[in-house]
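Worksheet for the structure shown next.
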Amino acid sequence: MPVPEALLDGSGAQTPTWDEPRWQRILDRIEVRLDGIGLRFWGPPLWLEVTMSGPDSDRWASGQPDGDRSWDWQSSAPCAAAGTLETAGATDDEMLGAASRYTLENLILNAAHEVGEWLRFDAVRVASPHDGVGDGVQGNGKAVVHVGFDPAPETVAGSRLPAIPAVADAARRVASWRFTSLPGEVIGYATAGPTLQLPGAAAAVWTGRWAAVAALPPGAESDLRALRAAVQADVHAMLIAYEAAKVCDAFYVDGSRPWRLAPGSGDPAASVGPGDAAGPDRRPLSVAVSWSPER
């Protein structure tokens, strides 16, 4: 990742009250090792912009030829904790802790936004993109994504959800081929939940949970509209969990990966990240998705 840009105020002039060399030194300890993704910081207060390049979802979905494009995604709120810590005389490591959580959270929210750009059912977006509201919550059309740090794994929503064959059979009434996502990804169904087949890797499959489908009231599975909405919610949650796990695997502080996705959001049937995806020294991070009623 390139060195973060100089921290400047909105006019582009250096801000005397902002200890730029110190923040440059702190932020240089954070990196994300994902192709096409970069970080750009500025302040005060500390803000983040995620820079990206890749295919355009609208042009690709309509069958138009398209090469890689560049665009940016900006955090919807600054990292208030960073300024508070600096004023209180915190150490570099304490400020790094606040900045790294803020950065990782926003990388996950950016990934969730991208899922909303790409995921379609019958060529219609499942969760249309929409501005976030900060503080670990990202609006994504009808869905809201919450990022939490250091959860107790047993409290993560869906972690105890059993594999229910009847639920999977009901979900199959909504044909999986009607879903599309990033080019080359294939969405399918298993007894435990929806699955994501990754391009170019025959054994790489990510499995989600039939949480929304299993939560339908008795008899609701015969209501095709309600069943379809629940299946869409579970497929959407699965894709966000996969992207969150991928971000955690690519996020480094001082050359090490501090976080991993906690159990319950999704499970890989094969390795989908760079090595030690669930290393014992990595703290758990939760990602929960809630859906609002149809608008």
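Every read-out reported here was derived from the displayed coordinates using simple, explicitly stated rules and does not represent laboratory data. Predicted, not measured: the structure shown is a model, and the values here were computed from it. All Cβ positions, even for glycine, are placed from backbone atoms using ideal geometry, and neighbour counts span all protein chains on display.
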Place a label point 7 angstrom from the Cα of residue 254 along the Cα-to-Cβ direction, then list the residues of region 24-52 whose backbone nitrogen is under 20 Å away.
24-33
Going highest first, how would you order 103-109, 20-26 by mean Cβ packing within 10 Å?
103-109, 20-26
Cut-off under 5 Å, modelled amide H: who pairs with residue 189 long-range:
195
Using the basic label-point model (7 angstrom from Cα toward the beta carbon), what is the residue 92 to residue 190 distance in nanometres?
4.4
Among 88-94, 167-173, what's the highest-first ranking by average C-beta atoms within 10 angstrom per residue?
167-173, 88-94
Under 11 Å, Cβ to Cβ, from residue 121 - net charge with Lys/Arg +1 and Asp/Glu -1
+3
From phi via Karplus (6.51, -1.76, 1.60), per-residue ³J(HN,Hα) for region 76-91 in Hz, x at Gly/Pro:
8, 8, x, 8, 5, 4, 5, x, 4, 5, 4, 4, 7, x, 5, 6
For residue 35, project a label point 7 Å along Cα to C-beta. Then give me every residue of region 189-222 with its amide nitrogen under 14 Å of that point.
199-201
Label-to-label distance, nm, for residues given as residue 120 and residue 215 (7 Å Cα→Cβ offset):
2.8
